[in-house]
1. Got a number for residues in segment 98-118 being without any contact (Cβ under 8 Å) to a residue 60 or more places away in the chain, under 24 Å from Leu152 (Cβ atoms) and open to solvent by 60 Å² or more (accessible area, probe 1.4 Å)?
2. Test Val235 against the criterion of being among the β-branched types (Val, Ile, Thr), surrounded by fewer than 18 Cβ atoms within 10 Å (Cβ to Cβ) and either touching an Asp or Glu at 6+ places or on another chain (Cβ under 9 Å) or part of a strand (DSSP E or B) (or both), and give yes or no.
3. On the basis of being more than 15 Å from the ligand (Cβ to nearest atom), surrounded by 15 or more Cβ atoms within 10 Å (Cβ to Cβ) and modelled with pLDDT under 95, does Tyr193 make the cut?
4. Would you check which residues across segment 98-115 are in a helix (DSSP H, G or I) and more than 11 Å from the ligand (Cβ to nearest atom) and list them?
5. Can you pull out every residue in segment 19-37 that is touching a helix residue (DSSP H, G or I) at 6+ places or on another chain (Cβ under 9 Å), of a type in the set (S, T, N, Q) and open to solvent by 50 Å² or more (accessible area, probe 1.4 Å)?
6. Going through segment 143-197 one residue at a time, which ones are more than 15 Å from the chain's Cα centre (by Cα) and hydroxyl-bearing (Ser, Thr, Tyr)?
7. For Gln63, work out the one condition from (1) assigned to a strand (DSSP E or B); (2) open to solvent by less than 40 Å² (accessible area, probe 1.4 Å) it doesn't fulfil.
Amino acid sequence: MQKLSCSHICSVLSADKDPMGQAIAQYYATGKAAKLRVFSSLFYEDEIPVATLFRTYKDMPLQEQEALRLCCGRVLDVGAGSGCHSLELINRGLEVVSIDISPLSVDVMCKRGLNAKVVNFFDHLFVDRFDTILMAMNGIGIVGKIENLTQLFLRLKQLLLPGGQVLLDSSDISYIFKDDDGNVDIDAVQGYYGEVDYRMQYRNFKGDEFYWLYIDFDTLSLHARNHGFLCEKVVDGSHYDYLARLTMI
Ligand code: SAH
């Protein structure tokens, strides 16, 4: 089993190992960006259109719009990227703290007027309390692997105010493993099917490989309940994705 050492999970990125941060910084500075390339053993080479990281409310998928609508009180935006969700929330009059492990992205967020900090969500030195913790764009992905969910729930308990909520969206990616007859062919020995290895590249900046977790609603509910959280589905997205709301039982 992969050991969960703090140096592994609590670190922040250096600029030369931060392709997404480089892309965000360049797009913010010039209004243009090169290809943000994404590699994974599960998919063909793909690309994240950098402009989508700067999406405004009207261009967000339904589950993100719904998440923003449900945000209340003091909000923590986890893995906030360019700050697109935080900005919308600020405009709605909410108090938002935006954190990200990318100093380049945090710099852009500060320039956009946000209260942004270079913080790894798993870093216990970050102490604060929030009414809403927002993990958008499959933000729960930061746990990487199912075995790290315990750490996630522990941190959520530390960071939530009484009566607080977590809003997160994710996807059930089992459809990728369906054969022509619609049967799911998953080799369980290799672990949970939603643990996807990724590497990103922007121009010459190559990031380290990392795992990003996609979790189906039932598996999330089960783990949430085992850790003292109620997990409700708020809305289904258009492509095997959903928005969930977690509250402490
Ligand atoms: N929420 C943004 C960005 C999503 S990309 C959006 O929807 O557009 C995921 C972001 O999470 C990246 O900016 C990455 O740097 C950040 N991230 C990854 N692991 C993190 C961690 N452990 N703590 C905080 N941020 C993290």
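1. Residues meeting the conditions: 2.
2. Numbers: among the β-branched types (Val, Ile, Thr): yes; surrounded by fewer than 18 Cβ atoms within 10 Å (Cβ to Cβ): yes; either touching an Asp or Glu at 6+ places or on another chain (Cβ under 9 Å) or part of a strand (DSSP E or B) (or both): yes.
Considered against the rule, which asks whether it is among the β-branched types (Val, Ile, Thr), surrounded by fewer than 18 Cβ atoms within 10 Å (Cβ to Cβ) and either touching an Asp or Glu at 6+ places or on another chain (Cβ under 9 Å) or part of a strand (DSSP E or B) (or both), Val235 comes out as yes.
3. Values: more than 15 Å from the ligand (Cβ to nearest atom): yes; surrounded by 15 or more Cβ atoms within 10 Å (Cβ to Cβ): yes; modelled with pLDDT under 95: yes.
When the stated conditions are applied, Tyr193 passes them.
4. Those that are in a helix (DSSP H, G or I) and more than 11 Å from the ligand (Cβ to nearest atom): Asp107, Cys110, Lys111.
5. Gln26
6. Scanning segment 143-197 gives Thr150, Ser174, Tyr175, Tyr192, Tyr193.
7. (1)
To keep it simple, each residue is scored yes or no on (1) within 13 Å of the ligand (Cβ to nearest atom); (2) open to solvent by less than 20 Å² (accessible area, probe 1.4 Å); (3) touching a helix residue (DSSP H, G or I) at 6+ places or on another chain (Cβ under 7 Å).
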residue: Phe39; (1), (2), (3): no, no, no
residue: Glu47; (1), (2), (3): no, no, no
residue: Tyr57; (1), (2), (3): yes, no, yes
residue: Leu70; (1), (2), (3): no, no, no
residue: Ala80; (1), (2), (3): yes, yes, yes
residue: Asn91; (1), (2), (3): no, no, no
residue: Val96; (1), (2), (3): yes, yes, yes
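The values are calculated or read from the model by the stated rules, or taken from the named source; none is laboratory data. Remember, predicted model here, so these are calculated numbers, not experimental data. Every residue, glycine as well, gets a Cβ built from its backbone with ideal geometry; the counts of neighbours run over all protein chains shown. These accessible areas exclude ligands, DNA and RNA; they are computed on the full protein's heavy atoms, side chains included. Shrake-Rupley method; radii C 1.70, N 1.55, O 1.52, S 1.80 Å.
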